[in-house]
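All remarks here apply to the structure that follows.
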Amino acid sequence: MDRVIDLASKKAAVIFTKSSCCMCHSIKTLFYELGASPAIHEVDHDADMEWALRRLGCNPAIPAVFIGGKYVGSARDVISLHVDGTLKQKLIEAKAIWF
């Protein structure tokens, strides 16, 4: 778990993904379209990392999105934040994008 927390706090926006996950691709694309350049950590071959994400409360574990070092949620949560207009503000506050 310490490794996940450490990685999640190193950049303003961090996404833990799997290469075969279509929702992971959608969330990464959304961040790029908003002007963010998140750190992407693929957990395809790291079962320990995926297990650590679950122990931190990430459910589903993938994609797991962190903004400003805090767990924001999975794809459904991020899309909800985007629809209600708060995702962009969170990214600005974490200095993941500038305006």
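The values are calculated or read from the model by the stated rules, or taken from the named source; none is laboratory data. Because the structure is predicted, anything quoted here is derived from the model rather than measured. Cβ placement follows ideal geometry from the backbone for every residue including glycine, while neighbour counts extend to all protein chains displayed. The area values use the complete protein model at the heavy-atom level, side chains included, leaving out ligands, DNA and RNA. Shrake-Rupley method; radii C 1.70, N 1.55, O 1.52, S 1.80 Å.
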Exercise for review: Pick out, from the chain, the strands (runs of 3 or more DSSP E) lying fully within it that include 1 or more residues that are polar (S, T, N, Q).
Suggested key: 13-17
Point to revise | Members of segment 50-67 found to be aromatic (Phe, Trp, Tyr) and under 20 Å from residue 79 (Cα atoms), listed by number | key: 66
Exercise for review: Report, by residue number, each residue of segment 45-67 that is under 17 Å from residue 27 (Cα atoms) and open to solvent by 50 Å² or more (accessible area, probe 1.4 Å).
Suggested key: 59, 60
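Working carefully through the options 4, 72, 14, find the one that is over 10 Å from the mean Cα position of the chain (by Cα), surrounded by 16 or more Cβ atoms within 10 Å (Cβ to Cβ) and β-branched (Val, Ile, Thr). So that I can check it myself, show each step before the final result.
Numbers: 72 fails: over 10 Å from the mean Cα position of the chain (by Cα); 14 fails: over 10 Å from the mean Cα position of the chain (by Cα).
Testing whether each residue is over 10 Å from the mean Cα position of the chain (by Cα), surrounded by 16 or more Cβ atoms within 10 Å (Cβ to Cβ) and β-branched (Val, Ile, Thr) leaves just 4.
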